[in-house]
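Engineer: Handing you a structure now.
The values are calculated or read from the model by the stated rules, or taken from the named source; none is laboratory data. These numbers come from a predicted model, not from an experiment. Quick reminder, even Gly has a Cβ in these numbers, built from the backbone with ideal geometry, and neighbours come from all protein chains shown. Just the protein is used for accessible areas: all its heavy atoms, side chains included, with ligands, DNA and RNA removed. Shrake-Rupley method; radii C 1.70, N 1.55, O 1.52, S 1.80 Å.
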Amino acid sequence: MWDVVPPESDTLAPPPNPSRKVVLAVASNKGGVGKTFVATNLAVYLRALYEDLAVTLLGLDDQIGIDRLLAGGPPDPDAPNLKHAFAERNLDRALRMGEFGIHYVPSPPDVGALKTRARDARILRRMIEASQQPGLFILDCKSDLEALTRSAIVAADFVILPVADQASLDEASKIFEWLERDGGTPDRGRVLL
């Protein structure tokens, strides 16, 4: 993604251009490999490292772990969430400022309904581009290769694939195959051991 410590120096690289939106997906079609752990810790780390960098975390999973961490309590059932954002094709009304200065969009109680809205794999990219929110978008994907995850991978400039064992490595290879078959470039993906 970005070189935090350039090889020829022990000083920090300048932060990424805050006016350009960068999208990073954390994906695996195997559960329990640490996708949410990686996504949330990366968001907190980059926000702490670059205080001027706007970081937005989207949980495309229905486990609401991100919501609990960033909201500092149970989610407000009446607040706009990702379901509303997809219905409106706009993230801005559902964006919330969370703990650690990280923005997020609350997850809906059931992401299954979003799969029909994400049939066009480019919809999430369009929503991010249309958003007034600048900076880095980190997408925490569900453990599948269905519509929402495919939309996140299409939206992403980079894809991190957490691997915990041989089975998750085998599943990561399916994402690389999908990236290549979809006309994308598999070099956008990186395995994280």
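Engineer: Of all residues in segment 54-70, which are within 17 Å of Asp92 (Cα to Cα) and small (Gly, Ala, Ser)?
Structural biologist: Ala54, Gly59
Engineer: From Pro108, Pro186, which residue is within 20 Å of Asp62 (Cα to Cα), at pLDDT below 90 and of a type outside the set (Ser, Thr, Tyr)?
Structural biologist: Working: Pro186 fails: within 20 Å of Asp62 (Cα to Cα).
Of Pro108, Pro186, the one residue that is within 20 Å of Asp62 (Cα to Cα), at pLDDT below 90 and of a type outside the set (Ser, Thr, Tyr) is Pro108.
Engineer: Yes or no: segment 59-68 includes at least one residue that is assigned to a loop (DSSP other than H, G, I, E, B), modelled with pLDDT of 95 or more, buried (at least 21 other Cβ atoms within 10 Å of the Cβ) and among the aliphatic types (A, V, I, L, M). Steps first, answer last, please.
Structural biologist: Start the filter on segment 59-68 by keeping residues that are assigned to a loop (DSSP other than H, G, I, E, B), which leaves 60-64.
When the remaining residues are screened for being modelled with pLDDT of 95 or more, the result is none.
No, the conditions are met nowhere in segment 59-68.
Engineer: On to the next question. Which of the residues spanning segment 92-120 are of a type outside the set (S, T, N, Q), under 20 Å from Lys142 (Cβ atoms) and not in a loop (DSSP other than H, G, I, E, B)?
Structural biologist: Result: Ala94, Tyr104, Val105, Val111, Gly112, Ala113, Leu114, Lys115, Arg117.
Engineer: Please list, ordered by first then second residue, the pairs with beta carbon atoms under 6 Å, 6 or more apart or interchain, first in segment 48-73 and on the phi < 0 side of the Ramachandran plot, second open to solvent by 30 Å² or more (accessible area, probe 1.4 Å) and at pLDDT 85 or above.
Structural biologist: Cβ pairs passing all conditions: Ala54/Pro134; Val55/Arg47; Thr56/His103; Leu60/Lys142; Asp61/Lys142; Gly65/Thr36; Leu70/Glu99.
Engineer: Hey, another quick one. Exactly one condition in (1) part of a helix (DSSP H, G or I); (2) out of contact with any Ser or Thr (no Cβ under 9 Å at 6 or more places or on another chain); (3) of a type in the set (A, V, I, L, M); (4) modelled with pLDDT of 95 or more is false for Leu24; which is it?
Structural biologist: Failing condition for Leu24: (1).
Engineer: Quick one: in segment 136-172, of everything that is open to solvent by 50 Å² or more (accessible area, probe 1.4 Å) and part of a helix (DSSP H, G or I), which residue is nearest to His103 (Cα to Cα)? Don't jump to the end; show me each part of the working.
Structural biologist: Applying the first criterion (open to solvent by 50 Å² or more (accessible area, probe 1.4 Å)) to segment 136-172 yields 146, 150, 158, 164-166, 169-170.
From what is left, the residues that are part of a helix (DSSP H, G or I) are 150, 166, 169-170.
Details: Arg150: 23, Gln166: 34, Leu169: 31, Asp170: 33 Å.
Restricting to residues being open to solvent by 50 Å² or more (accessible area, probe 1.4 Å) and part of a helix (DSSP H, G or I), the top hit is Arg150.
Engineer: Please indicate, with yes or no, whether at least one residue in segment 121-134 is of a type outside the set (Phe, Trp, Tyr), assigned to a strand (DSSP E or B) and at pLDDT 95 or above. Give the derivation first.
Structural biologist: Of the residues in segment 121-134, the ones of a type outside the set (Phe, Trp, Tyr) are 121-134.
Filter once more, keeping what is assigned to a strand (DSSP E or B): none.
The answer is no, given that none of the residues of segment 121-134 is of a type outside the set (Phe, Trp, Tyr), assigned to a strand (DSSP E or B) and at pLDDT 95 or above.
Engineer: Looking only at segment 63-86, decide whether some residue is closer than 24 Å to Val191 by Cα and touching a Leu at 6+ places or on another chain (Cβ under 8 Å).
Structural biologist: Here is the first cut: in segment 63-86, the ones closer than 24 Å to Val191 by Cα are 63, 65-66.
Checking which are touching a Leu at 6+ places or on another chain (Cβ under 8 Å) leaves us with 66.
Yes, segment 63-86 contains a residue that is closer than 24 Å to Val191 by Cα and touching a Leu at 6+ places or on another chain (Cβ under 8 Å).
Engineer: Select from segment 72-111 the residues that are surrounded by 18 or more Cβ atoms within 10 Å (Cβ to Cβ) and among the aliphatic types (A, V, I, L, M) and list them in ascending order.
Structural biologist: Listed by number, the residues that qualify are Leu82, Ala85, Leu91, Ala94, Leu95, Ile102, Val105, Val111.
Engineer: Name the single residue that is nearest to Leu53 (Cα to Cα) among those in segment 122-131 being open to solvent by 30 Å² or more (accessible area, probe 1.4 Å) and either among the polar types (S, T, N, Q) or within 15 Å of the chain's Cα centre (by Cα) (or both). Don't jump to the end; show me each part of the working.
Structural biologist: We begin by selecting, within segment 122-131, every residue open to solvent by 30 Å² or more (accessible area, probe 1.4 Å); these are 122, 125-126, 129-130.
Still in the list and also either among the polar types (S, T, N, Q) or within 15 Å of the chain's Cα centre (by Cα) (or both): 122, 125-126, 129.
Numbers: Arg122: 25, Arg125: 20, Arg126: 21, Glu129: 17 Å.
Applying the filter and picking the extreme gives Glu129.
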